[in-house]
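*Asks:* Could you have a look at this structure, given as structure tokens, before my questions?
The values are calculated or read from the model by the stated rules, or taken from the named source; none is laboratory data. Note that the structure is predicted; figures quoted are calculated from it, not measured. Cβ atoms come from the backbone with ideal geometry, glycine included; neighbour counts cover every protein chain shown. Just so you know, the surface numbers come from the protein's heavy atoms only, side chains and all, with ligands and any DNA or RNA stripped out. Shrake-Rupley method; radii C 1.70, N 1.55, O 1.52, S 1.80 Å.
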Amino acid sequence: MSALLNEQPAAVSPVIALRGVNKSFDGQRVLQDISLEVYPGEIVALLGASGGGKSTLLNIISGLLPADGGEITLQGEAIARFSQWRQVGYLFQEDRLLPWRTVRQNVNLALENTPLSRGERQQRVQEALRLVGMEQVAGKWPHQLSGGMRSRIALARSLVAGPQILLMDEPFSRLDPQTRSAMHAELLRICQLKNMTVVIVTHDVEEAVILADRIVILQPNPGRIKQSVALSLPRPRQPTGRDVAEKIRLLRMEV
Ligand SMILES: Nc1ncnc2c1ncn2[C@@H]1O[C@H](COP(=O)(O)OP(=O)(O)O)[C@@H](O)[C@H]1O
Ligand SMILES: [Mg+2]
């Protein structure tokens, strides 16, 4: 979110750095020679067609999936699987709320298997729900919530551990346009408040332009970085705003 950082990336250490990352499934190359740096407080959108390797790349950055080769560092340290509950929040494409757990218990899921005490967990869950404006539904069941509310609860769960890095895989693709746009505003507010570094995967050019400081376009078969586009448009960005609409139009020709 910082224009300064975008202008002088070399002066600051990246929060996320990938160098020469490759990945194949069953001998089929899915990602090829991916190099990417994401700087503190930056929101980077990974934009590309379906099947282009976006989710695979996000899974590699999160440590959920090993790369075949290349180098991945988070905050300067080589990525270590399973040791990063405090550092990285992950928001999946589906909200993955468990129907047999209350909202509070769903958010608490992300803190299970952490060394936090019960009291600390309760406090964090409450804070995360407050952050997304959902304290009042803590005792409800997922089926009692609207799509927008479920989306906020999933966001709360990805934030409850207090991560510095938030990874999101098409998190709002199932929402209606109005709710999606409300979630965009909510996300930007929280990212700024918590100074988080964000990578959001999307196939939606408009979403990428509304949210991102930088758009990285992935080209499929195998997934490669085609182009990286910095966006300096002022916020809040309306899709109908002249400069925003023009950017969307230009990028649609690239994806
Ligand atoms: N676990 C897996 N095993 C085998 N193939 C996979 C696996 N995950 C993804 N793929 C394949 O890798 C390619 C990229 O998938 P994915 O990363 O999900 O793309 P995107 O998120 O851009 O739609 C697809 O062809 C997909 O079928
Ligand atoms: Mg995907």
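*Asks:* Compute the convex hull volume of the Cα atoms of the stretch 97-162, divide it by the residue count, and report the result per residue in Å³ as a whole number.
*Replies:* On the way: hull volume 4.8 nm³, N = 66.
Enclosed volume per residue, from the Cα hull, is 73 Å³.
*Asks:* Now for a separate question. Place a +1 charge on the Cβ of each Lys and Arg in the stretch 97-162 and a -1 charge on the Cβ of each Asp and Glu, then give the dipole magnitude about the Cα centre in debye, rounded to the nearest 20.
*Replies:* 120
*Asks:* Sticking with this one: Enter the accessible area per residue of the stretch 97-162 (Å², integer; probe 1.4 Å; all protein chains in place).
*Replies:* In whole numbers, the stretch 97-162 has 51 Å² accessible per residue.
*Asks:* Sticking with this structure for a sec: For LEU188, LEU47, write out the residues from largest to smallest accessible area, computed with a 1.4 angstrom probe and no ligands counted.
*Replies:* Reading off the accessible areas and sorting them downward yields LEU188, LEU47.
*Asks:* Determine the share of the stretch 97-162's accessible area contributed by carbon and sulfur atoms, expressed in whole percent, with a 1.4 angstrom probe.
*Replies:* With neighbouring chains kept in place, the figure for the stretch 97-162 is 47 percent.
*Asks:* For the stretch 95-153, run through the trypsin sites (Lys or Arg not before Pro) and keep only the ones in DSSP coil with at most 16 other Cβ atoms within 10 Å of their Cβ.
*Replies:* ARG96, ARG101, LYS140
*Asks:* Would you mind computing, in nm to one decimal, how far apart the modelled labels at SER35 and SER13 are, each placed 7 Å from Cα along Cα→Cβ?
*Replies:* That separation, rounded to one decimal, is 2.0 nm.
*Asks:* Pop a pseudo-label 7 angstrom from the Cα along the beta-carbon direction at both THR114 and GLU77 and give the gap in nm to one decimal.
*Replies:* Between THR114 and GLU77, the simple spin-label model gives 1.5 nm.
*Asks:* Gain in length, ALA230 to ARG174, computed as 0.36 nm per residue apart minus the alpha-carbon separation, to one decimal in nm?
*Replies:* So the extension gain works out to 17.5 nm.
*Asks:* If I take R0 = 30 Å and measure r between the Cβ atoms of PHE25 and GLN144 in this structure, what FRET efficiency does the formula 1/(1 + (r/R0)^6) give, to the nearest 0.05?
*Replies:* E between PHE25 and GLN144, to the nearest 0.05, is 0.20.
*Asks:* In whole Å, what are the extents of the stretch 114-255 along the principal axes defined by its C-alpha atoms, from largest to smallest?
*Replies:* Reported extents, whole Å, longest axis first: 51, 31, 29.
*Asks:* Filter the chymotrypsin sites (Phe, Trp or Tyr not before Pro) in the stretch 10-101 to those in DSSP coil with at most 14 other Cβ atoms within 10 Å of their Cβ, and list the result.
*Replies:* Those that pass, being in a loop and sparsely packed, are PHE82, TRP100.
*Asks:* By how many nm would the segment from ARG249 to ARG101 grow when fully extended, if each residue of separation counts as 0.36 nm and the alpha-carbon distance is taken off?
*Replies:* Full extension of this stretch gives 49.0 nm more.
*Asks:* Moving on. In square nanometres, what is one fourth of the surface area of the convex hull spanned by the alpha carbons of the chain?
*Replies:* Computing the convex hull of the Cα atoms and averaging its projections yields 13.7 nm².
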